[in-house]
Number of protein chains: 2
Amino acid sequence: MSSTDQNRQFRLAERPQGLPKQSDWELVSEAVAEPGNDEILVAVEYISLDPAMRGWMNAGKSYIKPVEIGELMRAGTAGTVLKSNHSDFAEGDKVSGNFGVQTHAVVAGKDARKVDTNLAELPAYLGVLGMPGMTAYFGLLDVGGVAEGETVVVSAASGAVGALVGQIAKLKGARVVGIAGSSEKCSYVTDELGFDAAIDYKNENVYKAMKEHCPKGIDVFFDNVGGEILDFALANLALKGRIVICGAISQYNATEGMYAPKNYMSLLVNRARMEGFVVFDYADRYGEAAKALADWLSEGKIKHREDIVEGFENFPDTLLKLFEGSNFGKLVLKV
Amino acid sequence: MSSTDQNRQFRLAERPQGLPKQSDWELVSEAVAEPGNDEILVAVEYISLDPAMRGWMNAGKSYIKPVEIGELMRAGTAGTVLKSNHSDFAEGDKVSGNFGVQTHAVVAGKDARKVDTNLAELPAYLGVLGMPGMTAYFGLLDVGGVAEGETVVVSAASGAVGALVGQIAKLKGARVVGIAGSSEKCSYVTDELGFDAAIDYKNENVYKAMKEHCPKGIDVFFDNVGGEILDFALANLALKGRIVICGAISQYNATEGMYAPKNYMSLLVNRARMEGFVVFDYADRYGEAAKALADWLSEGKIKHREDIVEGFENFPDTLLKLFEGSNFGKLVLKV
């Protein structure tokens, strides 16, 4: 690295109305900073693109403070240490952390996590071994409380979180039905990931298909998408069913208010509950999930798939793939 | 009683569309039956009118089987034993049970419960010491899991369940805000029942009033009404808040689908849950609740109020008072 190296950043220029547009972003270039005491300089190699990013772009109270106008866009990332002033890190170490949508990051050592690329390639630390992995693990096991023999339905089943939810549920002895947006994705979750059934929401009657594939009702519905599919799940709940609200990607760009679940009184009829969670609350237990996921991975019990798009400058367009559902697997931008 | 005595019954004639009409009922008169082995004959004196009755009149799967066309309408009741062929009961005993909307009931002794009219008058066994009491107790304590210092909001606060929810919450050390439909009802819950505040939903901006009276957010929202008020509560939830879905009286007569809660993603933002329950599931613990409620009652720690309408034949019109909100306290029909 020479002193003329530039750090490129995507900053939030405007709060989007509906789908984020190119003009909602500002691409900025500045000299790479020097790390101070206990800091490291990281060359960001992979940037995680997550549905939650859309929420971070909105003003107003949420589970995390919004990205402000003019601020670096928040993102999970993985890369290589270029310089280290922190005793835990050496040049060449592979690390992950929330370094944002930029090519070079100067961060406190305490905010970086060393990763083992013998266990899995770097992008996996943004998916199966990263936030999506933690999200699936705690959402399904702690919030959903899945038990052997139960029926689990997961939406966005071929996505980063959904694919893991289904595989962990299978490992726990559940019957698993995935919902995805193409026959190719459906084949993937049944043939590759071992789900018991899949529903192609773009080409099937989801309500009827749920009824058919879940003859005893749904014990755990892990929802990543919201909208009408949530209503169908409510209508197909089993007694004492649990709906885990992980996200609502179908609604994040709605400009006229979110779809509201008409069938919520099914919660009363079925003595059921609907519960939201935020993975950050489990930070003090990430180690437990990371170990379980790494063990399953090294034993070949879980599979993962990344959808890697190259070119830092393609960030704005690549993010839109999530909302179109055109990614297949964990969406990652390669710098 | 002479052999010419008649039992009068209200039977369901038609499934109502919207509010039940006179023509949805059939008033039938027949000779009073003789009790068989282990049966008793009860002169029904008080009939409980409950919001849940509206749901029982609909076809389709619910938490209890619907009342069929031509069947006696289901209802909680209290009265006096006229004849007994069961060793646990003697003529003159006061009893309660689900004997239906009729003046004379022949029932199995096991389906009747002897009550103590020294502790409270007979109608109280349809309210504070009956199903509404059980509902408030288990809904607030088991489903809501209220803790000392928390903020509880209850809708239909002057009603049979709501009034108790608030008083039990106060006994548990919570701050309590009630929502009711007139200034008179609001004064009752604050001045008589000791709630910390009340919101008159017919004359106040409920969203703003909730914000004002719950500066730290709502920890437990006990919902009897549904509709917009549920949405306002979602918008005012505290972190880890619990919404207890007990009923949705504002929506039971909706002919174009129920109001759907737009703000359900507040469950995610606040890591909160919304859970439904049915009091019948707690049948094996009714004794615990009955004892607690009777103790509080005899110690003067809880108050109750019945709104008693006279005349068996007035059943159809009296039931409508619930949906108009024109009752004040537990609505009971005196035969």
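Please treat every number below as a calculation from the coordinates, not as lab data. Remember, it's a predicted structure, so these values are computed and weren't measured experimentally. We place every Cβ from the backbone using ideal geometry, glycine too, and count neighbours over all the protein chains shown.
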Max mean-square fluctuation residue, GNM over chain A, Cα-Cα springs under 10 Å, options A:245, A:64, A:179: A:64
Between helix A:286-298 and chain A: long-axis angle, C-alpha atoms, 0 to 90°, nearest 10: 80 degrees
Residue-count net charge about residue B:259 - beta-carbon cut-off 11 Å; Lys, Arg +1, Asp, Glu -1: -1
Whole-Hz couplings from phi, Karplus 6.51/-1.76/1.60, listed for the stretch A:57-74; x for Gly and Pro: 7, 8, 6, x, 5, 8, 7, 8, 6, x, 6, 7, 4, x, 8, 4, 5, 6
Considering only the protein assembly as shown, percent of DSSP beta bridges that pair antiparallel, nearest 5: 55 percent
Centre separation in Å (Cα based) which lies between the stretch B:1-45 and the stretch A:96-114: 75 Å
Number of partner chain Cβ atoms within 10 Å, mean per residue of B:245-253: 2
Size of charge dipole - the protein assembly as shown - debye, nearest 20, with Cβ of Lys, Arg +1 and Asp, Glu -1, no other charges: 80 debye
Nonlocal amide H pairs with residue B:199, under 5 Å, H built at 1.01 Å: B:178, B:179, B:180
CD proxy at 222 nm, helix term only [per DSSP H run n ≥ 4: -39500 (n - 2.57); per residue of chain A; nearest 500]: -6000 deg cm²/dmol
Electrostatic dipole magnitude of the stretch B:131-280 [Cβ: Lys, Arg +1; Asp, Glu -1; Cα centre; debye, to 20]: 400 debye
Sorted by Cβ density within 10 Å, fewest first, the residues B:255, A:77, B:80, B:103: B:255, B:80, B:103, A:77
Table column - 3J(HN,Hα) (Hz), the stretch A:33-40, Karplus curve with 6.51, -1.76, 1.60, x for Gly and Pro: 7, 8, x, x, 4, 6, 10, 9
Likely footprinting exposure, B:250, A:187, fewest C-beta neighbours within 10 Å first: A:187, B:250
For the stretch A:1-148: rounded, prolate or oblate by the Cα gyration tensor [a/c cutoff 1.5]: oblate
Positive-end residue, the stretch A:95-226 charge dipole about Cα centroid, Cβ charges, pick of A:161, A:205, A:195: A:161
Choice from B:61, B:21, B:211 showing the highest fluctuation, given a GNM over chain B with Cα pairs closer than 10 Å: B:61
Contact order normalised by residue count of chain B, Cα under 8 Å, 6+ apart, percent: 17 percent
Which of A:294, A:42, A:244, positive extreme of dipole for chain A (C-beta unit charges): A:244
Long-range amide H partners of residue B:221 with built H, under 5 Å: B:153, B:242, B:243, B:244
Residue among B:302, B:249, B:69 with the largest mean-square fluctuation in a Gaussian network model of chain B, springs linking Cα atoms under 10 Å: B:69
Relative contact order of the stretch A:76-230, pairs being alpha-carbon contacts under 8 Å that are 6 or more residues apart, as %: 17 percent
Within 10 Å of each Cβ in A:257-266, the average number of Cβ atoms from other chains: 6
